[in-house]
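Below: the structure, in structure tokens.
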Amino acid sequence: MIQVGDNKGVVTEISLRTTKLKTYDRREIIIPNSSLLKDRIINLTDGKKKQSHLWF
């Protein structure tokens, strides 16, 4: 989870020109990589690994 400007989300894709974030309300935000070089990026993850097991 990162915050770039007013946008918070999980990085889902990094390409040559853009980075895509998925927000909590399931919107996809496309941010130009040039903006990532200019804006402040905040890492909102706590650094602890989380794991879930699902049984079917």
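This table checks each residue for (1) modelled with pLDDT under 95; (2) among the aromatic types (Phe, Trp, Tyr); (3) in a loop (DSSP other than H, G, I, E, B).
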{"residue": "Leu16", "(1), (2), (3)": "no, no, yes"}
{"residue": "Tyr24", "(1), (2), (3)": "yes, yes, yes"}
{"residue": "Ser34", "(1), (2), (3)": "yes, no, no"}
{"residue": "Leu37", "(1), (2), (3)": "yes, no, no"}
{"residue": "Ile42", "(1), (2), (3)": "yes, no, no"}
{"residue": "Thr45", "(1), (2), (3)": "yes, no, yes"}
{"residue": "Lys49", "(1), (2), (3)": "yes, no, yes"}
{"residue": "His53", "(1), (2), (3)": "yes, no, yes"}
{"residue": "Phe56", "(1), (2), (3)": "yes, yes, yes"}
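Taken over the stretch 1-39, the criterion of being among the aliphatic types (A, V, I, L, M) and surrounded by 10 or more Cβ atoms within 10 Å (Cβ to Cβ) is satisfied by Met1, Ile2, Val4, Val10, Val11, Ile14, Leu21, Ile29, Ile30, Ile31, Leu36. The residues of the stretch 1-20 that are touching a Gly at 6+ places or on another chain (Cβ under 9 Å), farther than 13 Å from Arg40 by Cβ and aliphatic (A, V, I, L, M) amount to a single one, Met1.
The values are calculated or read from the model by the stated rules, or taken from the named source; none is laboratory data. Since the structure is predicted, the reported quantities are computational estimates derived from the model, not experimental observations. Every residue, glycine as well, gets a Cβ built from its backbone with ideal geometry; the counts of neighbours run over all protein chains shown.
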